[in-house]
Structure formats: C-alpha cells, structure tokens
Amino acid sequence: MPILKKPSPFYYSMYIYLLSKEDLDLSLFEVLSLGEINKFELNGNMLLINKKVDYEMLAYTKKIFKVICKSEINQIKQKISEIDMKKNYEKSFCIRCLKTDECTNLPSENEVASIVWKSIEKPIVNLKTPHTKLYLIGTAKMAFFCKEIWENKQKFDDRRAHLRPELHPTSLNPKLARAFVNILNKKSFLDPFCGSGGILIEGGLVGCKVTGYDIDPIMIRRSEINLKHYGIKKYILELKDATTINDKVEGIITDLPYGRNSKLENFKIYDQFLKVARKVTNRMIVSLPADVDLEKHLPSLSDWKVEKEFTHYLHKSLSKRTILITY
Ligand SMILES: C[S@@+](CC[C@H](N)C(=O)[O-])C[C@H]1O[C@@H](n2cnc3c(N)ncnc32)[C@H](O)[C@@H]1O
C-alpha cells in the first residue's frame, strides 16, 4: 500500500492574489489593510499570504487562487501527480500557466493538463467555461499548483460619475473610492465634503454605514438621489460645513474641494479641516491636489502621522495625492 504524503496544513491555507498592475502599490496596500496582514511575500504582481480576506469587496485584485501544492519548479510535475485530484476537480477543467518575469522553465499547460487528465476518472476539458480553473503559477524558483477561487467581476466602470443619475464633475473614480474604503477598513465612515456621493456609494455597497456632509444643498440632494439609485439604505446626509464638525466618527474618507476658490483659500479650508478632524477621528484618508506642499500649506498635518501616500494622474493639469493619516 503506498503511503500518501499529506500536504502540510500551511499549504491548505496559502493563497495567491493576482494584483492589478494598474497601481501595484495601491493594490497591495488594499489587500494588506483589509486583511490586517503584515506577513506576506510579493513576487511581481503575485501576492502570497495565508489568509483569505473579505475578497468580494476588493477593487484592485484581479483573481485569487488557493494553493493546492507547491515545490521547486523542477519537482512540480511530480508533486502534481501525487495529489488527490478528486478533491480539487468538479465537472470540467482547464489549465492555465502564469509566471513572473523571473520565472524560467515552467512546465507548459499541455504537460500539466496531461498529468491532471491521467489522475481523474472521466476527465472533461473545457477551455471556454471550465468549472474548475487550475493554474500553474511560477516565480523565480518556486511553482504553485492552484485552483482559482475568485475572479473580480465588479462593474466599477458602470458607476463612473457621468453614468450616475446625478453628476459631480470631479467625483473620484469608483474603483479608487472602493480601494480607499477597504484601506480605511471601518464599518462606518464620514465623507465631510461628499459632493454627489461617489465615496459614500462605494462604502454603502459593501455594507458600511456612511455619513455625508456638504456645504451645498444641491450636492446633498444629488448624493441622496445617487445613494437611493444604488439601493443604499444605511446613510445619513446633512447640510454642514466640514470645518465645523464635532461628532465623533470611526473614520473619514474624503476628496477635498478644489477649483471653485483660490488656491490660498482652499489651503485655509484644508488646514482648518485637518485641525477639527483631529477631534472627531483618528484614521482618515484624504485626497487633495498633488501640488499642495504638505509641510508649507498644511501646518495642522504635523498633528497627524502620514502612514501612506499615493499619487494619481487624472488629466494633464491635475494629479491628486491621497494620504492615509492616523494619530
Ligand atoms: C471634490 S468635491 C467632492 C466630490 C465627491 N467625492 C463626489 O464623488 O462627488 C468637493 C465638495 O466639497 C464641498 N465643499 C466645499 N467646501 C465645503 C465645506 N466647507 N464644507 C463642506 N463641504 C464643502 C463642495 O460643495 C463639493 O461638493
């Protein structure tokens, strides 16, 4: 009787997240923040962790794979032939190979497919709509035989500002707004400059209790119409000046106003806001024009700790900087 080698429990709980190369840093930070993870390995855009985060919410992860077995590249075919394929196969399958730039000599899809084929009783290959999507993923030295457990099919583009019932010309891209919600990682948050509600919508869609303030009654009305349109029920909207807030909140995500006032007037509003926000929360994500000199224009930022910074190019004349600040 052959002795079956049991994979170690670590293999059972190892996952590979295929991150978007669109913004790798943001993509990585989104997963780590949402999953509260500090132990990980990154190879190109493949993130290896041994935790399954609340992935249905993720914006910048493209796919997630559960590792079935792993080994050095030259032993992976042997390893695959040893696994109990019945546990991982359902109805039909297809094999795909993915590798980082450093990976060489990864076995081909055909080679892996023939091993899998031999280890299933009545195998069915389906290249277009397989029930079981098996992947061989190669990094510089290691190969991972995996099963796809999730593919990101969220339709962020369908929620872009001009496709919502009520428009705000400077509304954040919904995918970016969702990443900010995940990075804040709180059950409720406030957007004190909410405009037409772009950030509130992304929070509401993943079950956060969202509160929005705006100084302009037209914007409050627009937010309300948009939130209702997307079926969001847990929200509060109030006509309020963000520089006078005083009710405590779990966190803040906001996109500071620009354009309407002079730059200097805007800097004053930003600084005043940072000062009052310190009294109501200790975790905040703030987007602002990238040309704002943080030290010179925002003295109140010295009361906060800048944990992370991202820059996004919007168009020729505007780039935005987003900071995660805590204290
Ligand atoms: C950049 S927009 C926010 C866009 C928003 N994220 C969206 O998706 O529509 C900034 C908003 O801040 C509002 N605003 C400007 N000064 C304000 C203040 N002192 N208090 C509250 N809201 C203010 C403006 O009316 C504007 O709607």
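The values are calculated or read from the model by the stated rules, or taken from the named source; none is laboratory data. Owing to the predicted nature of the structure, the values given are computational and were not obtained by experimental measurement. A quick note on method: Cβ atoms are made from the backbone with ideal geometry, for glycine too, and the neighbour counts reach across all protein chains shown. Only protein heavy atoms, including side chains, enter the accessible area calculation; ligands, DNA and RNA are left aside. Shrake-Rupley method; radii C 1.70, N 1.55, O 1.52, S 1.80 Å.
Observations
- Selection within segment 218-243 - in a helix (DSSP H, G or I) and either among the aromatic types (F, W, Y) or open to solvent by 80 Å² or more (accessible area, probe 1.4 Å) (or both): I218, R221, K228, H229
- Taking the criterion of being buried (at least 20 other Cβ atoms within 10 Å of the Cβ) and either hydrophobic (A, V, I, L, M, F, W, C) or modelled with pLDDT under 95 (or both), the residues of segment 169-187 that qualify are S171, L172, L176, A177, A179, F180, V181, I183, L184.
- Boolean, T254 is within 22 Å of T170 (Cα to Cα), within 8 Å of the ligand (Cβ to nearest atom) and of a type in the set (V, I, T): yes
- Out of L167, L172, L163, L176, one residue alone is more than 9 Å from the ligand (Cβ to nearest atom) and touching a residue at least 24 places away in the same chain (Cβ under 8 Å). It is L176.
- The set of residues from segment 100-121 being over 31 Å from the mean Cα position of the chain (by Cα) and more than 16 Å from S81 (Cβ to Cβ) comprises just one member, N105.
- Filter pass, I252 being of a type in the set (V, I, T), closer than 23 Å to L184 by Cβ and at pLDDT 95 or above: yes
- Tally, over segment 292-316, of residues that are open to solvent by less than 90 Å² (accessible area, probe 1.4 Å), not hydrophobic (A, V, I, L, M, F, W, C) and not in a strand (DSSP E or B): 5
- Among the residues examined, L190 does not qualify as in contact with a strand residue (DSSP E or B) (Cβ under 8 Å, 6 or more places away or on another chain), surrounded by fewer than 19 Cβ atoms within 10 Å (Cβ to Cβ), under 24 Å from P169 (Cα atoms) and not basic (K, R).
- When residues of segment 195-217 are limited to those that are near the ligand (Cβ under 8 Å from one of its atoms) and over 17 Å from H162 (Cα atoms), the one surrounded by the fewest Cβ atoms within 10 Å (Cβ to Cβ): D216
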